[in-house]
Each structure stands twice: as C-alpha cells, then as structure tokens.
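The values are calculated or read from the model by the stated rules, or taken from the named source; none is laboratory data. Only a predicted model underlies this, so the values are computations on that prediction, with no experimental measurement involved. No Cβ is skipped: glycine too gets one built from the backbone with ideal geometry, and neighbour counts run over all protein chains shown.
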Amino acid sequence: MTDTINHWAEAETAGEAIFVACDALTNLQARSDNAAAEPTVCFNDLYRYATEPDAPVKAGLTRLISTNPKLRNDMRILLERVAPLRPISRAAASSGATTTRFGTGFQMTLRKSQADREQLYVIIKLQDQTCSPNTLFVINDTEGCDRIPLPEPTDGTVQLLLGSNSALAVSLRDPKTDVFMR
Amino acid sequence: MDGIYSIDGLAGGTVSDELQATLQAISETSDGHQIKFKPAVSRRLTRWIVCRSYTGPIHELCHLVHIASQIDRSAGFENFFWGPGPATAQSFRRKIGDGLGLNPAAAIEHLPSTVHVNYLDGEFAIAHTRMPFLSALLEFLTSTLGYATVLEILEDILVSSATRAQVSDTANVLSRRLYAYLNSHLPAATAQRKYRAVTEFMVARRNGAAHAENITDDMVLNFWIASSADEAGDFKTYRKVVKLFINVRDALTAAQQQGAFHRISSIGTDRENGEIDPGAIDAALEEIHERRAPLDLLDAAPANEIKFLNKSERSTLELLIESGNTAQILPLSILRAEIFGAVQARMTQALRRGTSPATVIEANANQAANIGYETGAKDFEKTANNLERALLASFYHLAMAGDDAAISILLEMQPDIDLSPLAAVISDTDTTPDNVVSLHGVKEQRSAFTTVLNNHATCPALAEFVADSKQAANRISRKGFAKPDTGSSTEEIAGFSSAVDALLDIHKSLSRFTTLLPRIAESRNGWVAMDAIDREIFFDQFRQLYGVYS
C-alpha cells in the first residue's frame, strides 16, 4: 500500500492549498527568469561524466565533485556500479619508490623513473588482455576527482608517465585514493 | 545544504534557491545534442513538486526502476534512465524492446503501449508515455536527495525476486525522504500569510466570504494602499500585489469549480480528517501553469531561432499572458502594474544605488507625467501590431516553404476569407454544396495547400493576404526573419512552424485585452483624468512607503 502523507494539513481551505502551490510556482518562475548565478548540475551530468569520455564536461562539475563530499561519494558509488575495473583494496602505504594497488582485473604500480627522478611511471597491468579501458578516474578526498584518457594497452599493459609532483601523481600516491577504469 | 548537486541556500520564506536551481538544471538537461526532457515534462515535474502530488508517480517510478533493472542487468537501471538519447516514450519503448530481446525476463511482458510486470504478489503496468515524466522525477530525486541515498533505498527492488509489496515499501520511503526535503526547501508559511491577508481583507470589505468574483481593480489598489507598508514587506510593490490577487483569484476560482470552497477540504481524499488531495491541487494548477507555455515555447529551440518578440514586448506581455482570463477581469490592474509598477521598479533601483528617497520620488513623479495611461495603452497596441506583423511574416515564410502551419495563421487572421474562387483548382479537397473551400480539409494534404498557394492569384482575398504577408516579411528586420527574396533556412522554417500555435495564443490574449482598453478610458472619464487621479494616489503612497513624509 502507498502511504498517504497529509501534505496539506495546515491549509485551511482547498483555495489556500491551491494558492500556496500556485505561489511556489510563481516564485520558481520568477527566480528562473533571474537565472542562478552559479551553474547547477544534475545527476545526469555526473552520469555522462562517468560514462561518456568524449562528452564535454558540464561547467562547474569537477569543481563541485572536488568540494562537495556527498557528490564525490555519489561519483565513487556510481563508478563502482558502472566501471568494470575498480579497486579491490586501497593502496598500501608507499614503501620507497614503488606503490602498488589491486583492483578487479588489474594491478596498478607507481614507479619512479630511473632516468629522471622528477618523473613517475604509472603501470597498469590488465589481467584480461581483451579488456581495453579508455578512461582512468582518480578520486581523492583532498584532491577531488580527475578523469584521464588512457592510451591503448600494449601486451595487456597501459603505461603513463607523470611529473612526480603533479596533482595526479600526488593523488595516486595517496593510499586513500580510489581508482576506477572503464 | 541538503541537496547535493546545486548551490547553497535553504528557503527563507518561499522556495529555496537550491530547489529552483535544480528544477532549472533538469529542464536544461541535455544528452549532448538535444534537451533531454520536453518542456511539458519539466513543467509536469514542477507541478508534482509544488503540489506535493508525487506519491503516486514515485510508486510508478519504483515499478519502472524494477523493470529497468531486469531488462538491462549488466548496465543496471541507470543505463535505462540515463543512457544516450532524449527521454521520450519512443526511446523507452525501444530500450525495453531491445533489452528484453537480449535478456528475456519471464516476469515482464512488453505490449505495444505498456510494459507489465508480474510479481509473486501482484502485477503492475506502466504506459510508455508516462516514462519520460517518471525519468524526470528520478532525475529530481537523485539530484536532490543524492544518488547514494536513492540507490540505497532502491536496493531491495533491483533483484528479480522483488515483490510488489517491497516496491510499495520502497516508494513510501522515497516519498517520505522527498517530503522532508521539500519541508525545508518549499515552506508554505509565507504563502499562507499572504493568502490569509488577502482573503481577510476581502471578507472585511465585503462583509462575507472571500469569493473570486468579488475581486476588482479597485480592491487590488485599496489592498496595496492598506498593506504595502506591512512590516514583512510582502506587499510593498504594486506589481507583486497584482500578481498576488491574480493567484488568489485563480485559487478561489479553481476551488469553487471543484466544489471545495468552504473551510476544510471538500476536495480531500479523507474529508473527515480534513485531508486535501494533492492530485486535485495539481489539476487546478495545470491550467494556470500552462498559461506561460506560449512564452516558454518561444524561448526554447527551435522557435528561439527567430526573434518574434523583443525584450520590451516580452516584458509588456509577461503579466498579461500569466493572468489568463483574469486579464479580462482586472485589466486596469494590469495596466497600472505596467505603468506604476515600472515607475516603482525604477525608484527601487535608484534607492538601492543610494539616491535620497525625496530626489528619487520627485524625479520619477516628473517623468511619470510623460508616461501616462495613454502611452501605456499604446505600448500594448504597438506590441499587438508588431505581433500581427510577425505572424504575417511567419505566414509568408511558412507558405513559401510549403509548410501547412501557415494555414493556422491564415484561418486565425482571416477567419471569413472567401476562398471560393480556389474551388476550381482544388479537386481533392472538401467543398460544400455552396462551393466553399474548406482549408481544414486542405490541412490534411500538404500538396493541396501548395496547390492553393500556387494559385493564390486566382483568389483575390488570398492574393491580398499573401501580398500583405510579403510586405510584412520585407519590413521586419529581426533575427531569423529573412527578406522575401532570400528565403529561410530549414532551421528557421522549423522555428516558424513550431511557434505558430504559441504566437496565435498570445495574439488572442493580446487582442482581447487591447479591445478592453478604450472601454476602461471611457468608463473613467478618459486617460488624462485617470492619469491625474492615479498619479496622486500612487505617488502619495510611494512617499509614505519610502519615508519622504517622515
């Protein structure tokens, strides 16, 4: 059975209830004429961000994900449902030059470049060589959310070269960061 | 903030910025190529929210979520609602068909216009035509309560073994969550205070009940004079007071029509407990809400390819169109709002800039002497003439493109046109025994319409109309109106075609209103006399409101 909540309990008459609804409608319309100063996103924008790598990102979305913990949590949960490659465990604390994390069907290792100490290799080994993810999502509670296009894997391995101090490298080194790929 | 996808801001006394911004964002949601929800869908969603009539739709939505989870088990219910493409009945029909083709689900039966789900403890059916609305509702729920919250609530019904009872329980939880959210973001107290102030004023003045038919132009003005200095500031601007009375009149009329005028809820679902049915409020609000549709349609694609109205014309029309039939009952209030409301808006802006109230009032009093009722009335007439020219030009472009939307313009602007000379060139259209050509018959057959146009020279009345329309097209220089010899693009023709009904609706309202204006002047000894009296009344009140006497 559907519950009935007495939404209009405080209205003295039907006329008053209709007016209250009508007044809300008028206010909504008047405000939309003024247009919100800051862009607002809907869940549709988040879904497109998570599933359509080539789609333009809604203005303000990445900033909102970075600053709004609830929205970041939504992004994380959405990726858990729509990204085939997701973390099984968070990374162990970095031990020297190498950090490794494991996910469903992949292993990600960060390794400092021996040729240039200012650079860092991200090596993603895919267990299923027919699997070819094209986007890496990195979610970190302080650094926010990043979406990075991935190159084609070679022999089941995807490799990225980052600046050691880049925001992405900082995020990936943080054991609390979650990574997803699709 | 409660909602997580938008800007901060709980409602102070009315709707919150967050709620407004979320509904606005949903109405503008795009799949990357086109708007996801049609304007009618977004408007319906807004009504469900403001009328709190979402309980039934949430119940339907939960059944649809269960169905979606079963027809696309790999991508989840999310792909059904948020996958590529606009949210239309056709696209949902296709998704269900494709999903069941790949992943047959014994409990789900797909029929031409509905989808049925059979639970162990009952069944449920949803029409494809409902799905865009339910999809917009889910967008609203996930964007306000949050995806994580909604997903957690829905979890039990995302499995094949879900029961109808579980779906109902889930719907109840979602309804309660939304109810709590709206209590913060859509409070009713301010609106109730305003409504009661007006109806109490009416009762006091009329020594009886507040009836819609008792609202007059003089009552609106008297209420503003009596209440504009109210501490809460709800009635300070005359224009807002006019809108308030229009809304009160609409509400009283709707309640009276539903036989529910007296205290406590004759329209309620549970009369003994005084419960008011949100569905009845929704039904009452639909007509009021749809009044704005013509203006909204002109702002939306593809009509916005064409600049049918400039900013000043649109501003002149706004209150009139939103008033609906009340414009016929309170025409002077609307005219006063256009004239003195505009003066008050200018004064408020100047006061905000720090100009002294006395300077602002005297400067506007002098200026107002030049912007009287006659000018205000002429503004409406000028807008009506410009709109008529836009309609004529639209006819020309549509007719040249062979678009039968042109016929609606012809029939509206020349309802008595004599088309009998065309009977001879139209063999396959309806004719009466008097040989009168029926263009309603032609409307069904685009080729016949083209024939009519190609032969318009044989019909003097039509030839004259076409010539007038060509002249109008030549004289308009606004975005989207090409000169007659250059032709219009496909996008522009789509814009003209989609705007015809909206323009004709606006034209009708404006024509009815402008015919009332001379009668108002006549009944009150002419515009000049009215100017003298009303200027004194309004500026006296402005001086009191803005403290010039103190």
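Helices (runs of 4 or more DSSP H) wholly in the range B:154-243 with at least 1 residues that are in contact with a Pro (Cβ under 9 Å, 6 or more places away or on another chain) - which ones?
Hits in the range B:154-243: B:217-227.
For residues that are modelled with pLDDT of 90 or more and over 20 Å from B:T29 (Cα atoms), tally how many sit in the range B:287-310.
Result for the range B:287-310: 6.
Is there a residue being within 30 Å of B:I334 (Cβ to Cβ), surrounded by 13 or more Cβ atoms within 10 Å (Cβ to Cβ), β-branched (V, I, T) and modelled with pLDDT under 90 anywhere in the range B:541-549?
So far as the range B:541-549 goes, yes, one or more of its residues are within 30 Å of B:I334 (Cβ to Cβ), surrounded by 13 or more Cβ atoms within 10 Å (Cβ to Cβ), β-branched (V, I, T) and modelled with pLDDT under 90.
For the range A:140-167, what are the residues that are at pLDDT 90 or above and closer than 15 Å to A:A83 by Cα?
Scanning the range A:140-167 gives A:R147, A:I148, A:P149, A:L150.
In contact with an Asp or Glu (Cβ under 8 Å, 6 or more places away or on another chain) and either outside any helix (DSSP H, G or I) or buried (at least 22 other Cβ atoms within 10 Å of the Cβ) (or both): does that describe B:F340?
Spelling it out, B:F340 is indeed in contact with an Asp or Glu (Cβ under 8 Å, 6 or more places away or on another chain) and either outside any helix (DSSP H, G or I) or buried (at least 22 other Cβ atoms within 10 Å of the Cβ) (or both).
Can you tell me which condition B:V15 does not meet? The list is (1) surrounded by fewer than 23 Cβ atoms within 10 Å (Cβ to Cβ); (2) modelled with pLDDT under 90, and all the others hold.
(1)
Would you point out which residue out of B:R47, B:R93 is within 10 Å of chain A (Cβ to nearest Cβ), at pLDDT 90 or above and touching a Ser or Thr at 6+ places or on another chain (Cβ under 9 Å)?
Testing whether each residue is within 10 Å of chain A (Cβ to nearest Cβ), at pLDDT 90 or above and touching a Ser or Thr at 6+ places or on another chain (Cβ under 9 Å) leaves just B:R47.
Anything in the range B:26-40 that is buried (at least 22 other Cβ atoms within 10 Å of the Cβ) and either closer than 13 Å to B:T88 by Cβ or in contact (Cβ under 8 Å) with a residue 40 or more places away in the chain (or both)? List them, or say none.
Listed by number, the residues that qualify are B:I26, B:T29, B:K36, B:F37.
Go through (1) under 29 Å from the mean Cα position of the chain (by Cα); (2) assigned to a helix (DSSP H, G or I); (3) of a type outside the set (D, E, K, R); (4) modelled with pLDDT under 95 and name the single condition B:L503 misses.
In the conditions (1) under 29 Å from the mean Cα position of the chain (by Cα); (2) assigned to a helix (DSSP H, G or I); (3) of a type outside the set (D, E, K, R); (4) modelled with pLDDT under 95, B:L503 misses (4) alone.
Restricting to the range B:146-157, what's the tally of residues that are more than 10 Å from chain A (Cβ to nearest Cβ) and farther than 13 Å from B:A107 by Cβ?
Number of matching residues: 4.
Do we have B:S175 as at the interface with chain A (Cβ under 9 Å from one of its Cβ atoms) and not β-branched (V, I, T) here?
So B:S175 fits the description; yes.
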